[in-house]
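Where a number appears in this text, it was derived from the coordinates with a stated rule and is not lab data. Computed from a predicted model, the values in this text were never measured in an experiment.
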Amino acid sequence: MQQKVAIARALLSRPAILLFDEPTTGLDPRSKLEVQAAVRELRSEHGQPSC
């Protein structure tokens, strides 16, 4: 739960750049998929390439 809160907190400030270092470590499988989907959605909304 702390990992999900940390990700949400990072997204609330609408930063120009987001750097993720293993953002799904410690998450259950369902939450891991949700985070990955959210990141893909953010990339598509803002036209950012994946690394």
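Helix-only estimate, please: 222 nm mean residue ellipticity of the chain, summing -39500 (n - 2.57) across DSSP H runs of length 4 or more and dividing by its residues, to the nearest 500.
-18500 deg cm²/dmol
If you line up the long axis of helix 2-12 against the longest principal axis of the chain, both from Cα atoms, how many degrees apart are they, to the nearest 10?
The angle comes out at about 20 degrees.
On full extension of the chain, what length is gained from Leu11 through Leu42, given 0.36 nm per residue of separation minus the C-alpha to C-alpha distance?
Working: separation 31, 0.36 × 31 = 11.16 nm, distance 0.98 nm.
Gain on stretching Leu11 to Leu42: 10.2 nm.
I'd like the orientation of helix 29-46 relative to the chain: the angle between its Cα long axis and the longest Cα principal axis, in ° from 0 to 90, rounded to 10.
10 degrees
How much length would be gained if the chain were fully extended between Gln3 and Leu19, taking 0.36 nm per residue of separation minus their Cα-Cα distance, in nm to one decimal? Provide the component values of the computation, followed by the final result.
Details: separation 16, 0.36 × 16 = 5.76 nm, distance 1.45 nm.
Answer, rounded to one decimal: 4.3 nm.
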